[in-house]
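Student: Quick one: the structure is below, questions incoming.
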Amino acid sequence: MAFSVFSFRVYPFLAVTHRVDTNVLVVEGWIHRYAARTAVEEFNASAYLRVFSTGGPVNGIGGYINDQNTSASVGVDVLRQSGLSSEFIQMVPSHINGRDRTYSSAVALRRWFRDHNVRVKSINVVTENTHARRTRFLFQKAFGDSITVGIIAARNPDYDPKYWWRCSEGVRDVIDESVAYIYAKFFFYPAEASDLEKTGGPSQATR
């Protein structure tokens, strides 16, 4: 009985989609092509002004080398290949590698807004299915109360989310992200205070 409840409720809990009113779209740069296509469809269907691709050093290079070797840069390329014009894409790389990559990417975006005098009241973030709840939690922790974070979970087409346990990829997604969300929710304490620094006057008003 307990397993049945877990099986049917855990996926929609993790793969949450909750949009907010905004013209700023954020994409986690490490996502696969199916999620990039979801991001492009989202951009084209709404009144977004720009897409921000975030992410730190790519796996396997031992840390930060340059901005081109980051997930943010990879995300830019995938978005372009998925049909989004370069004029709408802004790369925002993080230099931090390690266990807090999602949070560090959010902090890098927060600093970009501050350094470029862009005032933002809300954002929508596109990520992959079961990563969504953790992404929203960590982005909100990084931005604090002054910015509202919406989330869009891109469905993995390789398995049916209603029967995720029938596919090894679905099992990995759900189990890994369940553990990761519990860690983020109850055991993650960022080294840097998460209060958002006050920004200066906006160069471009965004919601």
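The values are calculated or read from the model by the stated rules, or taken from the named source; none is laboratory data. As the structure is a computational prediction, the values presented were derived from the model and not from experiment. FYI the Cβ positions are ideal-geometry reconstructions off the backbone, even for glycines, and counts take in every protein chain you see. The protein model used for the area step is the full one, side chains on, heavy atoms only, and it has no ligands, DNA or RNA in it. Shrake-Rupley method; radii C 1.70, N 1.55, O 1.52, S 1.80 Å.
Student: Helix 168-186 versus the longest principal axis of the chain: what is the Cα-based angle in degrees, 0 to 90, to the nearest 10?
Tutor: 60
Student: If you average the C-alpha positions of the range 108-179 and of the range 19-77 separately, how far apart do those two centres end up, in angstrom?
Tutor: Each part reduced to its Cα centre gives a spacing of 11 Å.
Student: Once both labels are modelled 7 Å past Cα along the beta-carbon direction, what's the residue 85-residue 167 spacing in nm?
Tutor: Label at residue 85, label at residue 167, 3.4 nm between them.
Student: State in Å² the accessible area per residue of the chain; use a 1.4 Å probe, count heavy atoms of protein chains only, and round to the nearest integer.
Tutor: Details: 10520 Å² over 207 residues.
Per residue, the chain has an accessible area of 51 Å².
Student: Here's another thing I want to ask about it. If you put +1 on each Lys and Arg Cβ and -1 on each Asp and Glu Cβ, how big is the dipole of the chain around its Cα centre, in Debye rounded to 20? Spell out each step's value before the answer.
Tutor: Values: 24 positive and 20 negative charges, 79 e Å.
Roughly 380 debye for the chain.
Student: Does anyone have the angle between helix 132-143 and the longest principal axis of the chain? Alpha-carbon axes, 0 to 90°, nearest 10?
Tutor: Roughly 30 degrees, rounded to the nearest 10.
Student: Could you work out how far helix 33-45 tilts from the main Cα principal axis of the chain, as a 0 to 90 degree angle to the nearest 10?
Tutor: Roughly 60 degrees between the two axes.
Student: Place the peptides 49-56, 136-143, 74-81 in order of packing, highest mean first, counting for every residue the other Cβ atoms within 10 Å and averaging per peptide.
Tutor: Those peptides, ordered most packed to least, come out 49-56, 136-143, 74-81.
Student: For residue 121, give me every one of the aspartates and glutamates with a C-alpha distance below 13 angstrom, ignoring sequence neighbours fewer than eight places off in its own chain.
Tutor: Once the sequence-local aspartates and glutamates are set aside, what remains near residue 121 is 21, 145.
Student: Still on this structure, please answer the following. Using a 1.4 Å probe and ignoring any ligands, DNA or RNA, find the accessible area of residue 182 and quote it in Å² to the nearest 10.
Tutor: 90
Student: Would you calculate, for the chain, the mean residue ellipticity at 222 nm contributed by helices, counting each DSSP H stretch of 4 or more residues as -39,500 (n - 2.57) and dividing by all residues, to the nearest 500?
Tutor: Using -39500 (n - 2.57) per qualifying helix, the result is -13000 deg cm²/dmol.
Student: A further question on this structure: Of the accessible area of the chain, with the probe set at 1.4 angstrom, what percent is carbon plus sulfur?
Tutor: Exposed carbon and sulfur together represent 52 percent of the surface.
Student: Please compute the alpha carbon radius of gyration of the range 73-157, then divide it by the globular-protein estimate 2.2 N^0.38 Å. Two decimals is fine.
Tutor: Normalised by 2.2 N^0.38 Å, the Cα Rg of the range 73-157 equals 1.11.
Student: Once the dipole of the range 1-125 is set up with Lys and Arg at +1 and Asp and Glu at -1 on Cβ about the Cα centre, which of 38, 107, 68 lies farthest towards its positive end?
Tutor: Checking the options against the dipole of the range 1-125, the answer is 107.
Student: So what are the radius of gyration and Dmax for the Cα set of the chain, in Å?
Tutor: 16.7, 56
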